[in-house]
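*Asks:* Dropping the structure in here first, questions after.
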Amino acid sequence: MMLSWEEVLQGIEECRDCSLCGGITHKVPGQGDIHAGLMFIGEGPGADEDLKGEAFVGRAGQLLTRMIAAMGLTRSQVYICNVVKCRPPQNRTPLPEEMEACMPHLRSQFLLVHPRVVVLLGATACRAVIGGHVQITRDRGRWVERKGFWFMPTYHPAALLRDPLKKKDAWSDLQAVVEKMKELGIYPAEGITENRPAGE
Ligand code: URA
């Protein structure tokens, strides 16, 4: 059943379906353009996100902002969220049962945003969304198409902070995302140029 945004956000706020909510300050549903053609999915909130109730606002988030800017976009033109909406203790990887418990929220967000292209940030997001055994160094940069939706696995920005040598590959993945958006006619900058009356 298709929920409204209000219902989805309320469902996240009231959710007690796993034990993660026991140790948090704020739920972190995600934010951005709810009609975006491009969605970013990370793993789960860290300390900064937990304090603010917003996804990707810490150091990794600042790098994500720069990655989005390098694609010629702004954060407000995309939708950004995580697999789990509550911060796992000590920022550990969410357990399979925690991800499973949280999936209905992500599914509802996906149905409402209806993005054509999704960037999966790191192995956890890949495992949760496309499944199977993911090795991010092996599987990044390769499109996965499901029912007309395009998924691009790439490195999590936190991995890029730990190992800046990975940035070159991440950059090429994001360039492929821009190309795909252009191909699908959903790259905003191109839309503006194309819609400009002749002579302007
Ligand atoms: N790492 C994530 O996966 N998500 C955030 O929101 C912040 C850091």
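The values are calculated or read from the model by the stated rules, or taken from the named source; none is laboratory data. Note that this is a predicted model, so its numbers are computed, not measured. Here the Cβ is made from the backbone with ideal geometry for all residues, glycine too, and neighbour counts use every protein chain on show.
*Asks:* Within the range 85-129, take every residue that is of a type in the set (A, V, I, L, M) and more than 15 Å from the chain's Cα centre (by Cα) and give me the one that is farthest from Gln31 (Cα to Cα).
*Replies:* The residue in question is Leu95.
*Asks:* Scan Gly72, Gly131 and give me the residue that is of a type in the set (Gly, Ala, Ser) and either within 22 Å of Gly46 (Cα to Cα) or in contact with a helix residue (DSSP H, G or I) (Cβ under 8 Å, 6 or more places away or on another chain) (or both).
*Replies:* Going through Gly72, Gly131 in turn, just one is of a type in the set (Gly, Ala, Ser) and either within 22 Å of Gly46 (Cα to Cα) or in contact with a helix residue (DSSP H, G or I) (Cβ under 8 Å, 6 or more places away or on another chain) (or both): Gly72.
*Asks:* Follow-up. Taking Thr137, is it within 13 Å of the ligand (Cβ to nearest atom) and polar (S, T, N, Q)?
*Replies:* No; evaluated as a whole, the condition is false for this residue.
Residue-by-condition table, conditions (1) of a type in the set (S, T, N, Q); (2) under 26 Å from Trp150 (Cβ atoms); (3) more than 14 Å from the ligand (Cβ to nearest atom):
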residue	(1), (2), (3)
Leu3	no, yes, yes
Glu14	no, no, yes
Lys27	no, no, no
Met39	no, yes, no
Leu51	no, no, no
Ala55	no, yes, no
Leu63	no, yes, no
Val83	no, yes, no
Met99	no, yes, no
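*Asks:* Please go through the range 48-96 and give me each residue that is over 18 Å from Ala125 (Cβ atoms) and among the small types (Gly, Ala, Ser), ordered by number.
*Replies:* Gly53, Ala69, Ala70, Gly72, Ser76
*Asks:* If I filter the range 73-81 for residues that are within 21 Å of Ala128 (Cβ to Cβ) and within 12 Å of the ligand (Cβ to nearest atom), do I get at least one hit?
*Replies:* There is at least one residue in the range 73-81 that is within 21 Å of Ala128 (Cβ to Cβ) and within 12 Å of the ligand (Cβ to nearest atom).
*Asks:* What number of residues in the range 156-200 are touching a Ser or Thr at 6+ places or on another chain (Cβ under 8 Å) and at pLDDT below 95?
*Replies:* 0
*Asks:* I need the full set of residues from the range 49-91 which are polar (S, T, N, Q) and within 16 Å of Gly32 (Cβ to Cβ), in order please.
*Replies:* Gln62, Thr65, Thr74, Ser76, Gln77, Asn82 - these are the residues of the range 49-91 that are polar (S, T, N, Q) and within 16 Å of Gly32 (Cβ to Cβ).
*Asks:* Looking at Glu49, Glu54, Glu97, Glu43, which one is at pLDDT 95 or above, in contact with a helix residue (DSSP H, G or I) (Cβ under 7 Å, 6 or more places away or on another chain), more than 22 Å from Gly185 (Cβ to Cβ) and among the acidic types (Asp, Glu)?
*Replies:* Answer to the selection: Glu43.
*Asks:* Still on this structure, please answer the following. For the range 10-25, enumerate the residues that are part of a loop (DSSP other than H, G, I, E, B) and either touching a strand residue (DSSP E or B) at 6+ places or on another chain (Cβ under 8 Å) or under 17 Å from Val83 (Cβ atoms) (or both).
*Replies:* Selection gives Cys15, Asp17, Cys18, Ile24.
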